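A.B. asks: One structure follows; several queries about it will come next.
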């Protein structure tokens, strides 16, 4: 891990976080916040974007497959925008590699364990804080 890679991840993460904040808020204000439409829009658009980037890296190569560009875009920008995009790409890669059962397991395990982890974290703090 070089200083340049860390700097690019930092810049990408900043841009991704600001983008998430902007789009989520815009969608929430536009259609209401009873359901987390803003978060859904961010997650779906992030998954679409990381899929397009991965497709370009595989098909076109060049700048799309350069390690520092990947650090800036995939780890920084998309990671700051939404981590569900990484989850989706990793799940797709499992499926493309013929590991369909592992891909399905990743979907079920990630959803179930993450909801459980949120609940446990919430309950732990509520109990301690009183």
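Every number here is computed from the coordinates shown, using simple stated rules; none is lab data. Keep in mind that this is a model prediction, so the values were computed, not measured. Glycine gets a Cβ as well: all are built from the backbone with ideal geometry, and neighbour counts include every protein chain shown.
A.B. asks: Could you list, bin by bin from short to long, the percent of Cα-Cα pairs of the range 27-74 in 5 Å steps?
C.D. replies: With a bin width of 5 Å, the distribution comes to 5, 21, 19, 16, 11, 10, 10, 7, 1.
A.B. asks: Could you work out how much longer the chain between residue 111 and residue 37 gets when fully extended? Use 0.36 nm per residue separation minus the Cα distance between them, nm to one decimal. Walk me through the numbers on the way to the answer.
C.D. replies: Values: separation 74, 0.36 × 74 = 26.64 nm, distance 1.78 nm.
Between residue 111 and residue 37, full extension yields 24.9 nm more.
A.B. asks: Before anything else, pin down the relative contact order of the chain: Cα pairs under 8 Å, at least 6 apart, normalised by residue count, whole percent.
C.D. replies: On the way: 118 pairs, mean separation 40.0, N = 130.
In percent, rounded to a whole number, it is 31.
A.B. asks: Still on this structure: Can you compute the helix-only [θ] at 222 nm over the chain? Use -39500 (n - 2.57) per DSSP H run of at least 4 residues, normalise by all residues, nearest 500 deg cm²/dmol. Walk me through the numbers on the way to the answer.
C.D. replies: Details: 5 runs with 99 residues, N = 130.
That calculation yields -26000 deg cm²/dmol at 222 nm.
A.B. asks: Then there is this: How would you rank 12-18, 76-82, 28-34, highest first, on the average number of other Cβ atoms within 10 Å across their residues?
C.D. replies: On the way: 12-18: 17.3, 76-82: 23.9, 28-34: 11.3.
Packing proxy ranking, top to bottom: 76-82, 12-18, 28-34.
A.B. asks: Rounded, prolate or oblate: which fits the range 1-43 when a ≥ b ≥ c are the square roots of the eigenvalues of the alpha-carbon gyration tensor, with rounded for a/c under 1.5 and prolate only if a/b beats b/c? Walk me through the intermediate numbers first.
C.D. replies: Details: a/c = 6.22, a/b = 3.62, b/c = 1.72.
In terms of gyration-tensor shape, prolate.
A.B. asks: Here is a further query. Taking a ≥ b ≥ c as the square roots of the eigenvalues of the Cα gyration tensor of the range 3-97, is the shape rounded (a/c under 1.5), prolate (a/b larger than b/c) or oblate? Walk me through the numbers on the way to the answer.
C.D. replies: Numbers: a/c = 2.64, a/b = 1.47, b/c = 1.79.
The shape class here is oblate.
A.B. asks: Cα atoms only, the range 74-116: Rg and Dmax in Å?
C.D. replies: Looking at the range 74-116, its Cα Rg and Dmax stand at 11.2, 30 Å.
A.B. asks: Another question about this same structure. Peptides 36-42, 62-68: what's the order by average Cβ count within 10 Å, highest mean first? Numbers along the way, then the final one.
C.D. replies: Values: 36-42: 17.4, 62-68: 12.4.
Ranking, from highest mean packing down: 36-42, 62-68.
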